[in-house]
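The values are calculated or read from the model by the stated rules, or taken from the named source; none is laboratory data. The shown structure was predicted, so the numbers you read here are calculated from the model rather than taken from an experiment. Every residue, glycine as well, gets a Cβ built from its backbone with ideal geometry; the counts of neighbours run over all protein chains shown. Accessible surface areas use protein heavy atoms only, side chains included; no ligands, DNA or RNA. Shrake-Rupley method; radii C 1.70, N 1.55, O 1.52, S 1.80 Å.
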Amino acid sequence: MTKLSVNVNKIAWLRNARGGNLPNLVKMSQDCEIFGAQGITVHPRPDERHIKYADVPLIKEIVTTEYNIEGYPNPDFMKLVIENQPDQCTLVPDPPNVLTSNTGWDTIKNESLLKDIISELQSHNIRVSLFVNPEQKMIEGAKRVGAERIELYTGDYANQFHSNKEQAIAPFITSANFANNIEIGINAGHDLNLDNLKYFKENINGLLEVSIGHALISDALYFGLRNTIQMYLQQLV
Ligand code: PXP
């Protein structure tokens, strides 16, 4: 089974546009679960342009499925994660002002940093996933530094999907087979949507979780949140 974790950053971003509490992020996160989401993801960034650090414990209180906090492991982020005890922490290598995550970790160059951070998170019973590109040596590196899972960066897959989906999926099939062989769990995310998700799911063995934000929240403007979550779940059966 592949879990759908809804990334609620865009809901926070809309709320922040007016400075009040509309839409209500906590209520909408709760509703995502009621409508079928099997996880909630937040990605607090240092400038707090969407999820604010203060949102993280409020969402923690209502999540009954799986709470995933993702971000770059600077000291503030590490403190936030440890205080809030999510089920999973997904580490991304983003520089502070990047618009959105656009590449995975170099798990070889950052081996000692990642080892220390991962063992600290795991000592608090938090599962760690590392955002990586679909490259065997980066996945091997993720295993070596002790991550339980990888999150495959699917931006390149999504970009190429309409021009050549067989070519777009090829490195992900190879990477997933490799990850399964070395027994590291597989998540995926970025730019997944109602066009490209089903084909991804059908081709990737052992896909444990997808985290989806931008397209899902955009689709909800047309179809409503309940319908949209059901439509995404349908792609994953
Ligand atoms: N995974 C990671 C590591 C991300 O940074 C993001 C975007 O915040 C996502 C998944 C979700 O991507 P999208 O918003 O394109 O669905």
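Within segment 60-103, being closer than 20 Å to residue 119 by Cα, touching a Phe, Trp or Tyr at 6+ places or on another chain (Cβ under 9 Å), within 14 Å of the ligand (Cβ to nearest atom) and open to solvent by 10 Å² or more (accessible area, probe 1.4 Å) holds for 70, 93. Taking segment 129-158 as the range and being within 15 Å of residue 93 (Cβ to Cβ) and within 13 Å of the ligand (Cβ to nearest atom) as the test, the residues that pass are 129, 130, 131, 132, 133, 150, 151, 152, 153, 155. Examine segment 217-228 for a residue that is of a type in the set (D, E, K, R) and surrounded by fewer than 17 Cβ atoms within 10 Å (Cβ to Cβ), and state whether such a residue exists. The answer is yes, given that some residue of segment 217-228 is of a type in the set (D, E, K, R) and surrounded by fewer than 17 Cβ atoms within 10 Å (Cβ to Cβ). Scan segment 133-146 residue by residue and report those that are in contact (Cβ under 8 Å) with a residue 40 or more places away in the chain and either assigned to a loop (DSSP other than H, G, I, E, B) or open to solvent by 30 Å² or more (accessible area, probe 1.4 Å) (or both). Across segment 133-146, the qualifying residues are 134, 135, 136, 140, 143. If you go through segment 25-49 and pick out every residue that is open to solvent by less than 60 Å² (accessible area, probe 1.4 Å) and either within 22 Å of residue 231 (Cβ to Cβ) or at pLDDT 95 or above (or both), you end up with 17.
What residue, among those in segment 147-158 that are without any contact (Cβ under 8 Å) to a residue 60 or more places away in the chain and not in a helix (DSSP H, G or I), is surrounded by the fewest Cβ atoms within 10 Å (Cβ to Cβ)? This residue is 148.
Looking across segment 131-147, the residues that are under 16 Å from residue 172 (Cβ atoms) and touching a strand residue (DSSP E or B) at 6+ places or on another chain (Cβ under 7 Å) come down to 131, 132, 133, 134, 138, 139, 142.
Kindly evaluate residue 158 against the criterion of being of a type in the set (A, V, I, L, M, F, W, C) and out of contact with any Pro (no Cβ under 9 Å at 6 or more places or on another chain). Spelling it out, residue 158 is indeed of a type in the set (A, V, I, L, M, F, W, C) and out of contact with any Pro (no Cβ under 9 Å at 6 or more places or on another chain).
If you go through segment 118-132 and pick out every residue that is closer than 24 Å to residue 9 by Cα and open to solvent by 10 Å² or more (accessible area, probe 1.4 Å), you end up with 1.
Of all residues in segment 159-198, those satisfying the criterion of being within 16 Å of the ligand (Cβ to nearest atom), farther than 17 Å from residue 90 by Cβ and either open to solvent by less than 50 Å² (accessible area, probe 1.4 Å) or not in a loop (DSSP other than H, G, I, E, B) (or both) are 159, 160, 161, 168, 172, 193, 194, 196, 197, 198. Over 19 Å from residue 141 (Cα atoms), within 10 Å of the ligand (Cβ to nearest atom), of a type outside the set (Ser, Thr, Tyr) and in contact with a strand residue (DSSP E or B) (Cβ under 7 Å, 6 or more places away or on another chain), is that true of residue 214? It is false that residue 214 is over 19 Å from residue 141 (Cα atoms), within 10 Å of the ligand (Cβ to nearest atom), of a type outside the set (Ser, Thr, Tyr) and in contact with a strand residue (DSSP E or B) (Cβ under 7 Å, 6 or more places away or on another chain). Quick check on segment 190-198. Is at least one of its residues aliphatic (A, V, I, L, M), within 19 Å of the chain's Cα centre (by Cα) and closer than 18 Å to residue 104 by Cα? Yes, there is a match, as at least one residue in segment 190-198 is aliphatic (A, V, I, L, M), within 19 Å of the chain's Cα centre (by Cα) and closer than 18 Å to residue 104 by Cα. Count of segment 93-129 residues, restricted to those that are in a loop (DSSP other than H, G, I, E, B) and of a type in the set (Ser, Thr, Tyr), is 4.
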